[in-house]
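The values are calculated or read from the model by the stated rules, or taken from the named source; none is laboratory data. Just so we're clear, the structure is a prediction, and the values are computed from it rather than from any experiment. All Cβ positions, glycine included, derive from the backbone under ideal geometry; neighbour counts span all protein chains shown. To get the accessible areas, we keep the full protein, side chains included, count just its heavy atoms, and leave off ligands, DNA and RNA. Shrake-Rupley method; radii C 1.70, N 1.55, O 1.52, S 1.80 Å.
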Amino acid sequence: MQQIRHFINGEYVESSSGRRFDDINPANGERIAEVHEGGQREVDAAVAAARAALQGDWGSMPVEQRMALLHKVADGITARFDEFLEAECLDTGKPAALASHIDIPRGAANFKVFADLVKNVATESFVTDTPDGHGALNYAVRKPRGVIAVVAPWNLPLLLMTWKVGPALACGNTVVVKPSEETPHTAALLGEVMNQAGIPKGVYNVVHGFGPQSAGEYLTRHPHIDGITFTGETGTGRAIMQAASQSLLPLSFELGGKNSAVVFADADLDKAIEGTLRSAFANCGQVCLGTERVYVERPLFDAFVARLKQGAEQLRPGWWRDEGVSFGPLVSHAHRDKVLSYYETARRDGATVVTGGGVPEMPEALANGAWVQPTIWTGLPPHSAVLSDEIFGPCCHIQPFDDEDDVIEQVNDTPYGLACALWTENLARAHRVAPRIDVGLCWVNSWFLRDLRTPFGGSKQSGIGREGGVHGLEFYSELSNVCIKL
Ligand code: NAD
Ligand code: 6OD
């Protein structure tokens, strides 16, 4: 059985406790690896290695050299594309068509883009008047924040982990990563790439394990880390914030969502259907930016429901590597139980099940997988938990609307504020409506169209702070002002 060990100070190490847990392929329920569970000792060792690296080669390395090494990391991921692809698809069950298009290329891009960006970023300066007339020159310098704890989720494991590790290292920090217990594979593999690229020992460390009373909690409570960047559930964010309050640590949080799509009667129906099929069902609905509430202006409602149903029914579940497969399983049976409980709630609350609502028939080899059907509902009452809770599965509820102000109010009626997609051919409407939606990201006639220079993050309970482009630098570095009296 393959062993997945911690990566600390440039070496793969076993857990001192001897504790292990299983890495399961959710497509067939088979055990694919044994993962070493980290405890306080491993976290202490990883944090100590990260701190030593900060004070050693990495901390004093010229920026050009650091950036060249990060480019080598990106090239290393690309050179081992197939290994990363297999590791990611076995951990998650997601189709190769998706991971080879999004997850793995973004894993590489996250290093290149932030290396290039940091190299070219300027800081402010002021010439200041002084009473004696000589003046003073103020300029700000950016310093790395220090040892950054990166706590990552399972839905886009490599993409979301490197989305934090890339800018953290580009800013000169060192990191200790706690990947999700569901998807430890690609974070472990990245250690080999770091060594091959020549990244100094201790700059990138990985400790595997769970959250509470395991590696996640020990890391986020650790007294010698300097910041925590976390992607995951809003509830977990609360627990981490409490842990971080001990040392008053800076936090960057990307949390849950209950995102909407709004389809106006003047939308291009083909584009709106194609976009909503992706936003509701891509990655089996396990995308934080995904759409679970769809509002369609009444004249288009019936046609939209019929076309989305047709598209959902054409999705082909199956083994990640097989030709034509467009739909994977959920990440685990535990998550499937949660999603199916909402399928049941929808039924109890009187929804019309337009399509899906259950578990698909799968061939024998995949019968033990965490499969669910892509599901569309209409007709839910406003109080239904299906309309307020983040389900994180391949499902959406479609509701007609008649009035622009009214639909904006409904979209905003949630404690979350992550993303929204508007579908309209009326540019004036797009400009009018987009800023009134309380979200960090509003797409018009698109979804998950990413430019890594733009601010990314959630409003309300969907996050704290913005990453992406220069915005992440506020978290990954600290400005220090130098004032020189002339
Ligand atoms: P999760 O919160 O269960 O776990 C995320 C990570 O936190 C895992 O590594 C887990 O082990 C760790 N963890 C759990 N409890 C902890 C604790 N008490 N202390 C320290 N670490 C702890 O999230 P998940 O189920 O892996 O991912 C799905 C969730 O992530 C969804 O809510 C989704 O919306 C959200 N998400 C948000 C974004 C975004 O950009 N806003 C992106 C992806 C996923
Ligand atoms: O594209 C990104 O940078 C990003 N953070 C995507 C998040 C997707 C959530 O599942």
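If I filter region 221-241 down to residues being farther than 16 Å from PHE210 by Cβ and among the charged types (D, E, K, R), which single residue comes out as least open to solvent (accessible area, probe 1.4 Å)? Filtering first and then ranking leaves ASP226. Considered as a group, the residues in region 141-193 that are more than 16 Å from ligand 1 (Cβ to nearest atom) and open to solvent by 10 Å² or more (accessible area, probe 1.4 Å) include one that is farthest from GLY209 (Cα to Cα), and that residue is VAL141.
Restricting attention to region 238-258, the residues that are under 15 Å from the mean Cα position of the chain (by Cα) and without any contact (Cβ under 8 Å) to a residue 40 or more places away in the chain add up to 0. Determine, yes or no, whether GLY311 is within 24 Å of CYS89 (Cα to Cα), in the same structural domain as PRO381 (by TED's automatic domain parsing) and not in a helix (DSSP H, G or I). In short, no. There is at least one residue in region 219-232 that is closer than 30 Å to VAL407 by Cβ, modelled with pLDDT of 95 or more and not assigned by TED's automatic domain parsing to the domain that holds GLU409. Among the residues of region 86-133 satisfying the criterion of being among the polar types (S, T, N, Q) and in contact with a helix residue (DSSP H, G or I) (Cβ under 9 Å, 6 or more places away or on another chain), which is most open to solvent (accessible area, probe 1.4 Å)? Per the stated criteria, the residue is SER100. Taking region 143-215 as the region of interest, the strands (runs of 3 or more DSSP E) fully inside it that hold 1 or more residues being free of Cβ contacts under 8 Å to residues at least 40 places away in the same chain are 174-178. One residue stands out among those in region 440-486 that are open to solvent by less than 30 Å² (accessible area, probe 1.4 Å) and under 19 Å from VAL141 (Cβ atoms): the one that is farthest from ligand 2 (Cβ to nearest atom), which is SER477.
State all residues of region 242-274 that are open to solvent by 10 Å² or more (accessible area, probe 1.4 Å) and in a loop (DSSP other than H, G, I, E, B); if no residue qualifies, say none. GLN246, SER247, LEU248, LEU249, PRO250, LEU255, ALA265, ASP266, ALA267, ASP268 - these are the residues of region 242-274 that are open to solvent by 10 Å² or more (accessible area, probe 1.4 Å) and in a loop (DSSP other than H, G, I, E, B). Residues that are crowded, with 23+ Cβ neighbours inside 10 Å and not in a loop (DSSP other than H, G, I, E, B) within region 374-385 comprise THR375, ILE376, TRP377, listed in sequence order.
Criterion first (in the same structural domain as HIS222 (by TED's automatic domain parsing), of a type in the set (A, V, I, L, M), open to solvent by less than 30 Å² (accessible area, probe 1.4 Å) and away from ligand 1 (no atom under 16 Å from the Cβ)) does LEU69 satisfy it? Yes, satisfied. Restricting the first member to region 344-373 and to residues that are in a loop (DSSP other than H, G, I, E, B), and the second to residues that are surrounded by fewer than 20 Cβ atoms within 10 Å (Cβ to Cβ) and among the hydroxyl-bearing types (Ser, Thr, Tyr), the beta-carbon pairs closer than 8 Å and six or more apart or on different chains are ASP349/SER384; ALA351/THR378; ALA351/SER384; ALA370/SER332; GLN373/THR355.
Quick grid of which residues meet (1) aromatic (Phe, Trp, Tyr); (2) more than 20 Å from GLY232 (Cα to Cα); (3) in contact (Cβ under 8 Å) with a residue 40 or more places away in the chain:
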residue	(1), (2), (3)
CYS396	no, yes, yes
PRO400	no, yes, yes
VAL407	no, yes, yes
PRO415	no, no, yes
ALA428	no, yes, no
HIS431	no, yes, no
GLY440	no, no, no
ASN445	no, yes, yes
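Taking every residue in region 278-289 that is open to solvent by 10 Å² or more (accessible area, probe 1.4 Å) and pairing it with any residue that is modelled with pLDDT of 95 or more and away from ligand 1 (no atom under 13 Å from the Cβ), at least 6 positions away or on another chain, the pairs with Cβ-Cβ distances below 7 Å are ARG278/TRP447; ALA282/LEU98; ASN283/LYS94; ASN283/LEU98. Go through (1) of a type in the set (Gly, Ala, Ser); (2) within 14 Å of ligand 1 (Cβ to nearest atom); (3) within 21 Å of VAL165 (Cα to Cα) and name the single condition SER477 misses. Answer for SER477: the failing condition is (2).
Evaluation of ASP129 against the conditions (1) free of Cβ contacts under 8 Å to residues at least 12 places away in the same chain; (2) within 14 Å of ligand 1 (Cβ to nearest atom) shows that the sole unmet condition is (2). Sort out which residues of region 47-81 are of a type in the set (Ser, Thr, Tyr) and without any contact (Cβ under 8 Å) to a residue 24 or more places away in the chain, and write them in order of number. Of everything in region 47-81, just one residue is of a type in the set (Ser, Thr, Tyr) and without any contact (Cβ under 8 Å) to a residue 24 or more places away in the chain, namely SER60. For region 412-422, the condition of being open to solvent by 20 Å² or more (accessible area, probe 1.4 Å), closer than 17 Å to GLY290 by Cβ and not in a loop (DSSP other than H, G, I, E, B) holds for at least one residue.
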